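Notes follow once the structure below has been shown.
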Amino acid sequence: KDHRQAAALFGAAAATHATAQLQLGVAYQYGIGVRQDPAEAFHCFLRAASQGSSEAALNVALCYSSGTGVPEDIPKYHMWLQKASAAGSLRAS
């Protein structure tokens with residue numbers, strides 16, 4: 001598998017596709033085919049969440065909870081956890 005090529009393709013698709021944004025965020029979160037970058041992962045999750053991805057909204061909440069890629073902010077964690085649940089994330093309920 002060529003993770004770098006996959007990351008480049010996800011990056012191209014991420015401009016308009018929530019699932020691609022979510023997967024690109026995961027790539028940045030774990031350094032799969034790209035340099036590990038928690039802040040960039042957070043921004044990818046945020047873009048995907050703004051397009052309605054419940055899993056991305058959950059990841060945004062978790063980033064706020066742990067301070068990963070963004071300063072820890074428990075009120076924002078709760079807000080995003082509620083958004084993820086409302087969007088259908090079973091893990092957020």
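The values are calculated or read from the model by the stated rules, or taken from the named source; none is laboratory data. Being a predicted model, the structure only gives us computed values, none of them experimental. Using ideal geometry, Cβ is built from the backbone for each residue, glycine included, and neighbour counts are taken over all protein chains shown. Ligands, DNA and RNA are stripped out before the accessible areas are found, and what is left, the full protein with its side chains, is counted by its heavy atoms. Shrake-Rupley method; radii C 1.70, N 1.55, O 1.52, S 1.80 Å.
Given (1) under 14 Å from the mean Cα position of the chain (by Cα); (2) crowded, with 17+ Cβ neighbours inside 10 Å, identify the lone condition not met by SER85. Here SER85 clears every test but (1).
Being crowded, with 21+ Cβ neighbours inside 10 Å, β-branched (Val, Ile, Thr) and either at pLDDT 95 or above or within 20 Å of HIS17 (Cα to Cα) (or both) is the requirement here; does VAL60 meet it? So VAL60 passes the test.
One residue alone among ALA18, ALA49 is at pLDDT 95 or above, open to solvent by less than 50 Å² (accessible area, probe 1.4 Å) and under 10 Å from the mean Cα position of the chain (by Cα), and that residue is ALA49. Just one of the numbered conditions (1) outside any helix (DSSP H, G or I); (2) touching a Cys at 6+ places or on another chain (Cβ under 6 Å) is not true of PHE42: (1). Does ARG35 qualify as being over 21 Å from LEU81 (Cβ atoms), basic (Lys, Arg), out of contact with any Gly (no Cβ under 7 Å at 6 or more places or on another chain) and surrounded by fewer than 24 Cβ atoms within 10 Å (Cβ to Cβ)? Spelling it out, ARG35 is indeed over 21 Å from LEU81 (Cβ atoms), basic (Lys, Arg), out of contact with any Gly (no Cβ under 7 Å at 6 or more places or on another chain) and surrounded by fewer than 24 Cβ atoms within 10 Å (Cβ to Cβ).
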